[in-house]
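*Asks:* Submitted below is the structure of interest, expressed as structure tokens.
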Amino acid sequence: MIYLDNAATTRVAPEVFEAMSPFLQEEFGNPSSVYALAGRSAAAMDSARAIVADAIGAEADEIIFTGGGSEADNLAIKGTMRKREGGHMITSAIEHHAVLHTCKYLQEEGYELTVVGVDESGMVDTDEVRDAIRDDTRLISIMHSNNEVGTIQPIAEIAATARERGIKMHTDAVQSLGKVPLDVDDLGVDLMAFSAHKIHGPKGVGVLYVRKGFRPEPIIHGGGQERRLRAGTENLPGIVGFGRAVGLAAQLGQESVDRMRALRDRLIAGVMDAIPETVLSGHPTQRLPNIASFLFRYIEGEGILLSLDMKDIAGSSGSACTSGSLDPSHVLLAMGYPHEIAHGSLRLSLSRYTTDEEIDAVLEALPSIIQRLRDMSPLYQRR
Ligand SMILES: *Cc1c(COP(=O)(O)O)cnc(C)c1O
């Protein structure tokens with residue numbers, strides 16, 4: 001199978017599996033207990049925490065392990081807003097639903113929300129964020145990079161604006177980890193969310209970076225784990241796997257990212273060259289190295305996915321979380337694409353395991369798939 005849906009999830013790296021394996025078997029100690037077995041669990045957790053901290057220029061005690069990226073976003077947003085009653089928050093129209101739906105949920109609880117738009121490349125305008133700030137604004141949450149079109153936002157600039165006004169800044173950097181340099185001080189953020197399964201780690205484990213001196217309200221209550229910010233016996237195998245996945249990405253370094261980017265660029269050039277009336281969505285330069293997102297006029301993304309699947313190629317249309325509904329992606333609509341164009345979206349997202357041969361196979365298969373679907377499309381006949 002040719003797997004090009006790495007923005008949805010990734011395979012666990014063999015090195016990660018190997019690192020996790022003892023913690024699913026003999027090293028099953030509860031890190032909070034006192035005997036030697038538990039001590040080894042605690043040490044493994046400390047080591048994973050240090051690796052993640054190191055990768056983003058943070059201190060180990062600023063790393064809170066969670067049950068995934070969605071939970072990290074929820075903790076950042078609910079945990080900040082619920083420190084006090086009322087107040088205003090700002091987010092963008094192209095956020096992952098883990099952010100957008102959380103903000104809308106808080107709005108129903110009585111908090112106030114401004115959702116800023118984006119331009120046609122999916123870019124948030126810092127001036128628009130600045131204009132949205134009010135005296136009672138307490139949180140700005142803008143994603144570091146978008147999971148559908150790959151656009152990278154000017155987070156350092158927005159965070160500087162937030163800081164000037166004493167507003168907390170959260171960024172969902174789930175898609176950026178391991179692909180774009182991230183340093184909490186260069187970015188100037190207070191909160192930043194990550195997920196292991198987007199970087200060849202296991203599912204169900206995430207991280208929230210929380211800047212020293214700030215304490216969000218916990219959203220899960222119980223034991224005192226994770227500096228009393230996230231109750232529950234730690235997911236030790238998951239945490240160890242996350243640490244190894246981050247370490248591995250650092251070890252493979254820029255070279256591995258550059259190789260992926262070159263393949264992605266070849267994919268984009270090949271598709272744009274072979275298939276007329278195609279739009280490359282997202283920002284032309286400020287974009288993630290692994291995402292290629294296309295809009296093919298006159299046809300439906302669903303049909304493209306099914307045809308690709310028959311050739312054992314996996315991609316996605318819009319966001320995997322929303323497929324199952326026939327609504328086009330909220331991201332593409334926010335970028336100003338009309339419904340009929342947004343419907344024809346295809347996202348191909350690469351990983352470090354993507355090969356030259358796989359890109360060749362996609363470039364071989366896709367043009368005839370698109371042409372066949374267009375030949376069946378009444379919109380294409382009437383164009
Ligand atoms: C996948 C993803 C999430 C959710 O992470 P989970 O670990 O699946 O909960 C949040 N934000 C972005 C941008 C994502 O791509």
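The values are calculated or read from the model by the stated rules, or taken from the named source; none is laboratory data. What you see is a predicted model; the values in this text were computed from it and never measured. Please note: Cβ atoms are built from the backbone with ideal geometry, for glycine as well, and neighbour counts cover all protein chains shown. The protein model used for the area step is the full one, side chains on, heavy atoms only, and it has no ligands, DNA or RNA in it. Shrake-Rupley method; radii C 1.70, N 1.55, O 1.52, S 1.80 Å.
*Asks:* Using only the alpha-carbon atoms of segment 110-161, report the extent along each of the three principal axes, biggest first, to the nearest angstrom.
*Replies:* 32, 24, 16
*Asks:* Of the GluC sites (Glu not before Pro) in segment 1-93, which ones lie in a loop per DSSP and count no more than 10 other C-beta atoms within 10 Å?
*Replies:* Here the sparse-neighbourhood loop sites are 26, 85.
*Asks:* For segment 14-248, with every protein chain kept in place, what is the accessible area per residue (1.4 Å probe, Å²)?
*Replies:* With all protein chains present, segment 14-248 gives 39 Å² per residue.
*Asks:* What does the net charge come to around residue 21 if you take all other residues with beta carbon closer than 15 Å to its beta carbon, with K and R at +1 and D and E at -1?
*Replies:* Net of charged neighbours comes to -2.
*Asks:* Which residue fluctuates most in the GNM of the chain (Cα springs below 10 Å): 50, 98, 38?
*Replies:* 38
*Asks:* With every protein chain present, what is the per residue accessible area of segment 253-381 (1.4 Å probe, Å²)?
*Replies:* With the other protein chains kept in place, segment 253-381 gives 44 Å² per residue.
*Asks:* So, one more: When the convex hull of the C-alpha atoms of segment 14-248 is computed, what volume per residue in Å³ does it have?
*Replies:* Hull volume over Cα atoms, normalised by residue count, gives 111 Å³.
*Asks:* Turning to a different aspect of this structure: Could you go through segment 137-143 in sequence order and give the Karplus-derived ³J(HN,Hα) for each residue, using 6.51 cos²θ - 1.76 cosθ + 1.60 with θ = phi - 60°, rounded to whole Hz, and x for Gly and Pro?
*Replies:* 6, 10, 8, 10, 10, 10, 5
*Asks:* Among 250, 216, 205, which residue has its Cα positioned farthest towards the positive end of the charge dipole of segment 199-258, with +1 placed on the Cβ of Lys and Arg, -1 on the Cβ of Asp and Glu, and the dipole taken about the Cα centre?
*Replies:* After comparing all options, I get 216.
*Asks:* Once neighbouring chains are kept in place and the probe is 1.4 Å, which whole percent of the accessible area of the chain is contributed by carbon and sulfur?
*Replies:* Reported share for carbon and sulfur atoms: 51 percent.
*Asks:* Quick check: the angle from helix 301-310's long axis to the longest principal axis of the chain, C-alpha only, nearest 10 degrees?
*Replies:* Helix 301-310 sits roughly 90 degrees off the main axis of the chain.
*Asks:* Which value, in Å to one decimal place, does the Kirkwood hydrodynamic radius take for segment 14-118 when every pair of different Cα atoms is included?
*Replies:* 16.6 Å
*Asks:* Another one. For segment 1-95, state which trypsin sites (Lys or Arg not before Pro) are in a DSSP loop and have at most 12 other beta carbons lying within 10 Å of their beta carbon.
*Replies:* Qualifying residues, ordered by number: 84.
*Asks:* Something else now. When only alpha-carbon atoms are used, what values of Rg and Dmax, in angstrom, describe segment 253-381?
*Replies:* Taking only Cα atoms of segment 253-381, I get Rg and Dmax of 14.3, 48 Å.
*Asks:* Need the C-alpha centroid separation for segment 86-104 versus segment 325-383, integer Å.
*Replies:* 28 Å
*Asks:* With springs only between Cα atoms under 10 Å apart, run a GNM on the chain and tell me which of 286, 153, 25 wobbles the most.
*Replies:* 25
*Asks:* Give a quick list of trypsin sites (Lys or Arg not before Pro) in segment 197-285 that DSSP marks as loop, anything other than H, G, I, E or B, with at most 14 other Cβ atoms within 10 Å.
*Replies:* 212
*Asks:* Something else about it: Quick check: the angle from helix 236-274's long axis to the longest principal axis of the chain, C-alpha only, nearest 10 degrees?
*Replies:* Relative to the chain, helix 236-274 is tipped by roughly 20 degrees.
*Asks:* Only Lys, Arg, Asp and Glu count, each charged at its Cβ (+1, +1, -1, -1), so figure out the dipole size of segment 151-211 about its Cα centre, rounded to 20 debye.
*Replies:* Roughly 260 debye, rounded to the nearest 20.
*Asks:* Mind jotting down the distance between the C-alpha centroids of segment 11-72 and segment 269-313, whole Å?
*Replies:* What the calculation gives is 37 Å, centre to centre.
*Asks:* Count the DSSP beta bridges whose two residues both fall in the chain, then state the antiparallel fraction as a percent rounded to the nearest 5.
*Replies:* The answer is about 50 percent antiparallel.
*Asks:* From the phi angles alone, apply the Karplus equation (6.51, -1.76, 1.60; θ = phi - 60°) to segment 32-46 and give each ³J(HN,Hα) in whole Hz, x where the residue is Gly or Pro.
*Replies:* In residue order, the calculated couplings are 8, 7, 9, 6, 4, 4, 5, x, 5, 5, 4, 5, 5, 5, 4 Hz.
*Asks:* Turning to a different aspect of this structure: Where does the charge balance sit around residue 365 when Lys and Arg score +1, Asp and Glu -1, over other residues with C-beta under 14 Å from its C-beta?
*Replies:* Taking every Cβ under 14 Å from that of residue 365, the sum is -4.
*Asks:* A further question on this structure: Give me the count of lysine pairs in the chain whose alpha carbons sit under 16 angstrom apart, restricted to pairs 8 or more positions apart or on different chains.
*Replies:* 5
*Asks:* I would also like to ask the following. What's the magnitude of the charge dipole for the chain around its Cα centre, counting Lys and Arg as +1 and Asp and Glu as -1 at the beta-carbon? Answer in Debye, nearest 20.
*Replies:* Dipole magnitude for the chain comes out near 480 debye.
*Asks:* Toward the positive end of the charge dipole of the chain, about the Cα centre and with charges on Cβ (Lys, Arg +1; Asp, Glu -1), which of 162, 361, 303 goes farthest?
*Replies:* In the chain, that residue is 162.
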